[in-house]
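Data block below; observations after.
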Amino acid sequence: MLHSASVRKEDLSTEQYLNKLSHHKKTITFLAGLGTLSCNAQNDPTEFRANLKKERMRANASILKLKKDGSLPDTGGPKLSPAEKKYRSLCAGCHGLDGAANSPTALAMNPSPRNLTDPKWQASVDDARITKVLKEGGASVGLSSTMAAWGAMLSDSDIKEMVKVVRNFKKQ
């Protein structure tokens, strides 16, 4: 590299000094060119353009309009029972959509939420205990207080249906 201590104009003839500068200038230009190639390879805009195109398509898609009774139109998505919808709304954030407690939230929690798909746990617990945990929270049975009590939000029949959702994870 060109350093003022290694090349001083006073120590060299003008021709020698210009030759050294020329050599260093070529090296710097070459290295800058490699940096440009490297940056272009890392910042390939193709993926960005593809994502932008998808976003434009989503933004310009038709907007769903409510039916006359106020419900959403059928979009062809999965048919979920009211209990499954409640599970997705209240429980899936921690226990995951599949019940395996592998959501980003679950991975960040200490202690980890219950893996509802664990056959050993499913065999060791009865419906009354699951009902109590859903209704009164984890602390009511000596578990973590991060398991919320849903008794104020869910009716007894809702909780009974939620127990069925939890039990269905045994089959997965």
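Quickly work out the residue 171-to-residue 68 label distance, labels modelled 7 Å from Cα along the C-beta direction, and quote it in nm with one decimal.
Label-label distance for residue 68 and residue 171, simple model: 3.7 nm.
Just grab the label-to-label distance for residue 57 and residue 122, each label 7 Å out from Cα along the Cβ direction, in nm (one decimal).
3.7 nm
Can you work out D for segment 95-165 in µm² s⁻¹ from Stokes-Einstein, where Rh is the Kirkwood radius over C-alpha pairs, the temperature is 25 °C and the viscosity is 0.890 mPa s? Please list the in-between numbers first.
Values: Rh = 12.6 Å.
Answer from the Stokes-Einstein relation: 195 µm²/s.
So what J values fall out for segment 54-70 if you push phi through Karplus, 6.51 cos²θ - 1.76 cosθ + 1.60 with θ = phi - 60°, rounded to Hz, Gly and Pro as x?
Each residue of segment 54-70 in turn: 4, 4, 5, 5, 5, 5, 9, 5, 5, 8, 5, 10, 5, 6, 4, 7, x Hz.
Evaluate the distance, in nm, between pseudo-label points positioned 7 Å from the Cα of residue 152 and of residue 90 along their respective Cα→Cβ axes.
Once both label points are built, they end up 1.3 nm from each other.
Any read-out appearing in this document is the output of simple, stated calculations on the displayed coordinates, not a laboratory observation. Quick caveat, the model's predicted, so the values are computed rather than measured. Using ideal geometry, Cβ is built from the backbone for each residue, glycine included, and neighbour counts are taken over all protein chains shown.
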